[in-house]
Each structure stands twice: as C-alpha cells, then as structure tokens.
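**Student:** The following block contains the structure, expressed as structure tokens.
Read-outs: derived from the displayed coordinates by stated rules, not from any lab. Computed from a predicted structure; not experimentally measured. Note that we place each Cβ from the backbone using ideal geometry, even for glycine, and neighbour counts take in every protein chain shown.
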Amino acid sequence: MNIYENYKKIRSEIPENIEIIAASKTRSTGEIFDLINAGCKNIGENYVHEAAKKHSELGSDAKKLKWHLIGHLQGNKVSRAIEIFDVIQTVDSLKLAKEIDKRAEKQITIYVQVNIGEEKTKSGVKPDELKNLITSITKLKNLKVAGLMTIEPYSINQEDARKYFRKMKILFDEINNLKIPGVDLKILSMGMSNSYKIAIDAGSNMVRFGTMIFGER
C-alpha cells in the first residue's frame, strides 16, 4: 500500500472542511514521514509512550503535525501527554480533567469522549452526564473544551452506526445551544475507515483513518 497516494486520494474525496486524523498506532516514523510529505496535518496516537518515541525521532518535523491523543489517558501519563499532544480527545471524567489542569502550564485543548453506545467495555462519559461534566470542566482554568469525540459500537453492518452518529450530533448541538460560558464546540470527532461516510453524513467534521491510509496491520 502506498501511504502517500492513499492519503492524497482520501483527502481529494473528502470536503476540505472535514479534518482527517491519521491514526498511526504501531506505524513507523518512516510511514509518518510519508504522511507529512502527502500534506497530512493531523496525527492520532493511542499510547503516550509510543507517541513520545515517534515525536522524538521526527525531530523538527514533528512540528509539522498536530498531535491528537485518541486513546485512553491514564493519570500517571498526564504530564508526558501534555508535553506531546496538541489535543487530548479522550477526556471522560472530571478526575482526569482536574489532573490535566493541575499539571498544565498552558491552556490545553480537549475533547470530551462520549460513550454513545453506553458499552461497559468502552471509555467515555454517558450521554446523560455530558452536560454536567462539561459544565464542571469549564471551572478549570487551563482546559479548553473544543469538541466531542466518540467511538461507535462495532458492527459488521456499517449502517448500524448511523443512529449513534445522529445521537452524537444532537448532543453536540444541544451543548452549543446551552451557551455554557467558555464552551464553543467546533469539532465533532467521529467515524473511522469503515464508517466515515455515514459519520460525515450525520455531521462529523473530523474523521479518524487507520486502515484506509496504512493498510491492514
């Protein structure tokens, strides 16, 4: 698979207002260089230690990318995470938000992760607890809530994801309509290689691609 050409093809087929995250878990620094050369602007990593290694290996080229944490963040990894990542997409509790706020020396952009399918095996705040969590986070001086993120329940039938994406868009609009001081959600991060078309149709403006860019692991 040609990563450069894959990214170019995806970018040409998706409207410019939709941001693309290259989900690069387990991928090499060389493959990330191919992404940079293709014009990729955003990279998503699941693990802090893996991202730190790649960030170091890329040197000054790392600054050509916006780094997004798209995996669960453990409390003991917060200090390192805020050194590397421009956006933490997986804040799902006030406890984690407070830990980030405590260790931050600058404003940190976060998205709140929603467990839209209310699955026991997935991280994320329950939909009916989202408003209270965001309201509480706004009291923390070093955090900026800029979006929502979700991982839809797995299904062989991609159409099954549509109802979850629609529910996320409703939540997104509801939070913005509440006019909570300090909150202006810009990003709805949802959809992956197998579900991005449905996600975009439902209102996503940030999609996370792994397989379609890099091929199968």
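**Student:** Kindly provide the set of residues from the range 100-121 that are more than 25 Å from MET168 (Cα to Cα) and in contact with a Ser or Thr (Cβ under 9 Å, 6 or more places away or on another chain), ordered by number.
**Tutor:** The initial filter retains those residues of the range 100-121 that are more than 25 Å from MET168 (Cα to Cα), namely 101-107.
Within the range 100-121, just ARG103 meets the criteria.
**Student:** Moving on. Looking at LEU178, LEU143, which one is exposed (fewer than 13 other Cβ atoms within 10 Å of the Cβ) and in contact with a helix residue (DSSP H, G or I) (Cβ under 9 Å, 6 or more places away or on another chain)?
**Tutor:** Working: LEU143 fails: exposed (fewer than 13 other Cβ atoms within 10 Å of the Cβ).
Of the residues listed, the single one that is exposed (fewer than 13 other Cβ atoms within 10 Å of the Cβ) and in contact with a helix residue (DSSP H, G or I) (Cβ under 9 Å, 6 or more places away or on another chain) is LEU178.
**Student:** OK, next. From the list ILE10, ILE14, ILE21, which one is within 13 Å of the chain's Cα centre (by Cα), under 20 Å from ILE187 (Cα atoms), surrounded by 14 or more Cβ atoms within 10 Å (Cβ to Cβ) and not acidic (Asp, Glu)?
**Tutor:** Working: ILE10 fails: within 13 Å of the chain's Cα centre (by Cα); ILE14 fails: within 13 Å of the chain's Cα centre (by Cα).
Result: ILE21 is the single residue among ILE10, ILE14, ILE21 that is within 13 Å of the chain's Cα centre (by Cα), under 20 Å from ILE187 (Cα atoms), surrounded by 14 or more Cβ atoms within 10 Å (Cβ to Cβ) and not acidic (Asp, Glu).
**Student:** If LYS63 meets every condition in (1) charged (D, E, K, R); (2) surrounded by 15 or more Cβ atoms within 10 Å (Cβ to Cβ); (3) under 18 Å from ILE21 (Cβ atoms) apart from one, which number is that one?
**Tutor:** It is condition (2) that LYS63 fails.
**Student:** Considering only strands (runs of 3 or more DSSP E) fully contained in the range 133-217, which possess at least 1 residues that are over 15 Å from GLY117 (Cβ atoms), touching a Pro at 6+ places or on another chain (Cβ under 7 Å) and among the acidic types (Asp, Glu)?
**Tutor:** Here the list is empty.
**Student:** Quickly run through the range 133-158 and pick out the residues that are over 23 Å from LYS179 (Cβ atoms) and out of contact with any Gly (no Cβ under 7 Å at 6 or more places or on another chain).
**Tutor:** Of the residues in the range 133-158, the ones over 23 Å from LYS179 (Cβ atoms) are 151-158.
Correct list: ILE151, TYR154, SER155, ILE156, ASN157, GLN158.
**Student:** I would also like to ask the following. Let me spell it out: the conditions are (1) in contact with a helix residue (DSSP H, G or I) (Cβ under 7 Å, 6 or more places away or on another chain); (2) farther than 21 Å from ILE187 by Cβ; (3) surrounded by 15 or more Cβ atoms within 10 Å (Cβ to Cβ), and ALA81 meets all of them except one. Which number is the exception?
**Tutor:** If we test ALA81 against (1) in contact with a helix residue (DSSP H, G or I) (Cβ under 7 Å, 6 or more places away or on another chain); (2) farther than 21 Å from ILE187 by Cβ; (3) surrounded by 15 or more Cβ atoms within 10 Å (Cβ to Cβ), just (2) comes out false.
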